[in-house]
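Following: one structure in structure tokens, then a few remarks.
Every number in this text was worked out from the coordinates using simple rules, so none of it is lab data. Since the model is a prediction, treat every value here as computed from it, not as a measurement. Counting neighbours? That spans all protein chains shown, and the Cβs are built from the backbone with ideal geometry, glycine included.
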Amino acid sequence: MIFKVLLHAIWIALLTLLTQVGGLVWLIALVVGKLLRYKWPLRGLTWLLFIPFYCLVSFLAVPPLARLSGRVPLPAISNPQLRPENIWFCLLNRHYVRPGLLRALEEVTGQMQNRFPGTVVWYMDANFPFFDGYPLEPHFSHKDGKKVDLSIYWNDAGTLEPVEGNPSPFGYGVFAGPLPGERDYAAECERKGFWYIGLDGDLAAPFYHADRYVFDAGRTAELLRLLAGHPAVSRVLIQPHLKTRLGLSGLNKLRFQGCKAARHDDHAHVELR
Ligand SMILES: [Zn+2]
């Protein structure tokens, strides 16, 4: 009995860490399941209740409540040019931002179409729907609705056509690493003891073939240039070798994140002013 309670507690904590509202929904499913068990003694009743409850809460209750606390969801499917890199970012409620950041992203997405018609801006982790100061693990600064990660661009090495999102199964960890002769900041950080900054790369590596993809410098440079030029954006974190390679050294808003956070040559981290 104690073991079972402990397991539920760990699971609720994990759901809360990953999705913010999931732990609470699990608790409701547990209680409702207990009440219904005598009528429907089904195996897995809690799960049968949790999945529809979680969808109902996420799709119907969270968006209007989040609006009250000053956050809006990024478009899941409604904008064909501004999309989640993976639908799981939306299903886990990790795609909430302040309205000003949504506006800025929509404007930059529109501007991207001038030079690269049809280009999609792929977003990844943003923020949870509620509470300033509640971080979205593992990105500890994504806690105020003002942060969002955007994918850099990749093409198919054979056809040179853009790929959907990026090659990583979870959006992070496919690096446009330093070329010979470029300064390798990630390696310097690792030598200083920040061993974890490339961890996403190790997690993603078994799931894709690096030689099937080529980095799209043109679209990535355009995206970074437009972000840096947007008045609502305060700064964009990107690995310095990319800033130099893409000819963006003059843009002061493009910064190095330092050694404490994960490396930024798989995504750009955008902050609202
Ligand atoms: Zn970030």
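Quick notes on this structure:
- Cα gyration tensor shape of region 57-119, rounded if a/c is under 1.5, else prolate or oblate by comparing a/b with b/c: oblate
- Phi angles across region 188-198 convert, under the Karplus curve 6.51 cos²θ - 1.76 cosθ + 1.60 with θ = phi - 60°, into 3J(HN,Hα) values of 4, 5, 4, 5, 7, x, 8, 5, 8, 5, x Hz, Gly and Pro given as x.
- At q = 0.23, 0.28 Å⁻¹, base-10 log of I(q)/I(0) for region 102-173 (Debye sum, equal scatterers on each alpha carbon): -1.07, -1.24
- Taking the centroid of alpha carbons for each part, region 163-222 and region 100-115 are 25 Å apart.
- Ordering Gly218, Leu60, Ile152 by Cα displacement along the dipole of the chain toward the positive end leaves Leu60 in first place; charges were set at the Cβ atoms of Lys, Arg (+1) and Asp, Glu (-1).
- Per-peptide average of other Cβ atoms within 10 Å, ordering 221-233, 205-217, 67-79 highest first: 221-233, 67-79, 205-217
- Summed residue charge, Cβ within 13 Å of Gly258's Cβ, Lys/Arg positive, Asp/Glu negative: +4
- Computed over neighbours whose Cβ is under 15 Å from that of Phe59, the net charge equals +2, Lys and Arg +1, Asp and Glu -1.
- Considering only Pro231, Tyr196, Leu242, the residue lying farthest towards the positive end of the dipole of region 132-273 is Pro231, judged by Cα position with unit charges set on Cβ.
- Free-standing Cys residues across the chain, given no other cysteine C-beta under 4.7 angstrom: Cys55, Cys90
- One equal scatterer on each Cα of region 72-272, no solvent, Debye formula: the resulting log10 I(q)/I(0) at q = 0.16 Å⁻¹ is -1.06.
- Listed peptides 148-155, 254-261, 96-103 appear in the order 148-155, 96-103, 254-261 once ranked by packing, highest mean of other Cβ atoms within 10 Å at the front.
- Above-threshold pairs, the threshold being 23 Å between Cα atoms, out of Lys146/Lys260; Lys147/Lys260; Lys147/Lys243; Lys4/Lys143; Lys147/Lys253; Lys146/Lys253: Lys4/Lys143
- Count Lys and Arg as plus one, Asp and Glu as minus one, and take only other residues whose Cβ is under 13 Å from that of Ile87; the net charge is then 0.
- DSSP beta bridges confined to the chain are antiparallel in about 80 percent of cases.
- Three-way shape label, region 2-68, alpha-carbon gyration tensor, a/c 1.5: oblate
- Charge dipole of the chain about the Cα centre (unit charges at C-beta), most positive-ward option of Leu7, Leu74, Gly110: Leu7
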